[in-house]
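Taking it in order: structure first as structure tokens, then the write-up.
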Amino acid sequence: MSIKENLNFFNKKLEGKNARLVAVSKTYPADIVKEAYDCGQRLFGENKVQELVEKAKELPGDIEWHLIGHLQSNKVKYIAPFISVIQSVDSLKLLKEIDKEAKKYFRTIPCYLQLHIAKEESKFGLSFEECQALIFSEELKNLKNVIITGFMGMATNTDNEETVRSEFHSLKSFFEKIKSKPGLPVNVLLKEISMGMSGDYKIALEEGSSIIRVGSAIFGQRNYPQL
Ligand SMILES: *Cc1c(COP(=O)(O)O)cnc(C)c1O
């Protein structure tokens with residue numbers, strides 16, 4: 001299957017649904033990304049700052065780049081001028097740094113808080129309790145150059161469909177619970193729930209995902225493992 005056929009497949013899947021596709025282009029060179037761009041894809045996801053910055057320089061300016069990988073505070077400055085969404089925010093410290101850098105460019109950067117929903121130890125993200133505490137913290141209110149517009153989560157990497165489904169379900173329930181709480185700060189405007197990858201996007205859509213992040217099912221198997 002070609003990239004074009006794969007994109008068509010996903011766009012068909014999303015037709016009539018309130019959900020969008022982030023094409024995860026990590027490890028694929030700019031000319032491959034351009035091929036997807038030429039098919040009309042505008043939303044791309046990368047997980048490493050350096051790779052993202054290099055690719056963004058070579059590609060058209062109307063691409064909306066989402067950072068989906070762990071972000072260190074000292075690297076925020078490299079993406080602050082152009083990033084569309086930072087999906088992988090998992091601390092107040094990082095939010096403060098994004099706020100500080102966004103201010104320099106007179107921007108307000110949309111951020112998703114990453115929740116830890118998988119059983120695996122190694123994945124980044126906040127617990128539901130930590131996330132709620134962050135959202136209602138006094139410090140968040142003062143950050144005028146970030147806006148929290150959604151949550152992101154990764155399910156356990158398993159063939160057990162029920163495990164994956166229950167993890168996505170718990171994220172969606174938490175999203176609805178927080179959304180309905182009175183007294184949310186003005187810089188929390190929950191719209192998006194980013195869940196689902198090549199292996200589990202179907203379950204994610206059934207459980208209410210609004211953003212699926214799909215790499216290998218569009219671009220083919222990656223040649224080297226991702227950390
Ligand atoms: C790599 C990655 C994806 C896409 O994974 P595929 O299995 O290739 O679809 C989605 N989300 C995150 C956070 C990733 O790092």
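The values are calculated or read from the model by the stated rules, or taken from the named source; none is laboratory data. From a predicted model like this one, the values you see are computed outputs, not experimental measurements. Backbone-built Cβ (ideal geometry, glycine too); neighbour counts: all protein chains shown. The protein model used for the area step is the full one, side chains on, heavy atoms only, and it has no ligands, DNA or RNA in it. Shrake-Rupley method; radii C 1.70, N 1.55, O 1.52, S 1.80 Å.
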TODO: Apply 1/(1 + (r/R0)^6) to the Cβ-Cβ distance of Lys181 and Ile32, taking R0 = 41 Å, and write down the FRET efficiency to the nearest 0.05.
DONE: 0.45
TODO: Please name which of Ala19, Ser216, Thr149 has its Cα lying farthest along the dipole of the chain towards the positive end, using unit charges on Cβ (Lys, Arg +1; Asp, Glu -1) and the Cα centre as origin.
DONE: Thr149
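Is there a quick way to get the dipole size of region 1-63? I mean about its Cα centre, with the Cβ of Lys and Arg at +1 and of Asp and Glu at -1; what is the value in debye to the nearest 20? Don't jump to the answer; show the numbers that get you there.
On the way: 11 positive and 10 negative charges, 63 e Å.
Charge dipole, region 1-63, about its Cα centre: 300 debye, nearest 20.
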Task: With every protein chain in place, region 66-115: carbon and sulfur % of accessible area (1.4 Å) - done: 54 percent
- [ ] List the relative contact order of the chain as a percent without decimals, with contacts defined as Cα pairs under 8 Å and 6+ residues apart.
- [x] 19 percent
Task: Dipole moment magnitude, nearest 20 debye, region 53-209 about Cα centre, only Lys, Arg, Asp, Glu C-beta charged - done: 820 debye
- [ ] Amide H neighbours of Met152 under 5 Å, at least 5 residues apart or on other chains, H built in the peptide plane: list them.
- [x] Leu113, Gln114, Leu115, Ser194
Task: Bins of 5 Å from zero: percent of alpha-carbon pairs in region 1-102 - done: 2, 12, 23, 21, 17, 12, 8, 4, 0
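How long are the semi-axes of the equivalent ellipsoid of region 1-51, defined as square roots of 5 times the Cα gyration tensor eigenvalues? Whole Å, largest first.
Numbers: eigenvalues 83, 37, 13 Å².
Each semi-axis is the square root of five times an eigenvalue, giving 20, 14, 8 Å.
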- [ ] Please compute P(r) over all alpha-carbon pairs of region 144-190, binned at 10 Å starting from zero, and give each bin as a whole-number percent.
- [x] 24, 40, 25, 11, 0
Task: Inter-probe distance in nm under a simple model that places probes 7 Å from Cα toward Cβ, at Asn223 and Glu64 - done: 3.1 nm
Task: Compactness relative to 2.2 N^0.38 Å, alpha carbon Rg of region 170-219 - done: 1.36
Task: Integer Hz, Karplus 6.51/-1.76/1.60 couplings in order for region 168-185, x for Gly and Pro - done: 5, 4, 5, 5, 4, 4, 5, 4, 5, 5, 5, 3, 8, 6, x, x, 5, x
- [ ] Give the share of C-alpha pairs in each 5 angstrom bin for the chain, from 0 to the last occupied bin, in whole percents, shortest bins first.
- [x] 1, 7, 15, 19, 20, 17, 13, 6, 2, 0, 0
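For Ser198 and Thr108, what is the calculated FRET efficiency with R₀ set at 45 Å and r taken between the beta-carbons, to the nearest 0.05? List each step's numbers first, then the result.
On the way: r = 31 Å, r/R0 = 0.70.
Once rounded, the FRET efficiency stands at 0.90.
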Task: Long-range amide H partners of Lys26 with built H, under 5 Å - done: Asn47
- [ ] Would you kindly derive the ³J(HN,Hα) couplings of region 35-43 from the backbone phi angles with the Karplus curve 6.51 cos²θ - 1.76 cosθ + 1.60 (θ = phi - 60°), listing them in order in whole Hz, with x for Gly and Pro?
- [x] 4, 5, 4, 5, 8, x, 5, 10, 9
- [ ] Once you have the Cα-Cα distance between Phe9 and Lys191, take 0.36 nm times their residue separation minus that, and quote the gain in nm to one decimal.
- [x] 63.0 nm
TODO: Taking the dipole about the Cα centre of region 1-88, with the C-beta of Lys and Arg at +1 and of Asp and Glu at -1, give me whichever of Ser2, Ala36, Leu71 is farthest to the positive side.
DONE: Leu71
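Find the all-direction average of the projected area of the Cα convex hull for region 121-213, expressing the result in square nanometres with one decimal place.
Details: hull surface 25.5 nm².
Mean orientational projected area (region 121-213, Cα hull): 6.4 nm².
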